[in-house]
Amino acid sequence: MFPVRIVPKTIKDLQVLRFQLTDLKYDSQIASAMLARQQAVAQVDAKRALVHGAAETASSTVARLKLLGHTFSHWEKHGDIFFSEDLEGFCFLG
């Protein structure tokens, strides 16, 4: 049990005098499924962060190369993505 002290307050003729949270126990299969889902979400978030970091690195590299005077004549822009002419490479600028 987790004792919680609250200040009594009257709401529409209802007064809360005591409030207590109770530790919930889940069936082992449900707890296992909840943990698996939480781990899957964490893995997806980690992969998303990795891909975003790689895209940011590529984007800043292209921007820096342009500042240094390099040109990219064989790249075609589609929105925020540059594709090479042979579609072997791409760079996200976002």
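The values are calculated or read from the model by the stated rules, or taken from the named source; none is laboratory data. Since this is a predicted model, take the numbers as computed values, not measurements.
Being modelled with pLDDT of 85 or more and either aliphatic (A, V, I, L, M) or outside any loop (DSSP other than H, G, I, E, B) (or both) is the filter here, so list the residues in the range 62-89 that pass it.
Listed by number, the residues that qualify are ARG64, LEU67, LEU68.
Looking at ALA40, ALA58, which is the one that is modelled with pLDDT of 85 or more and of a type outside the set (Val, Ile, Thr)?
From the options ALA40, ALA58, the qualifying one is ALA40.
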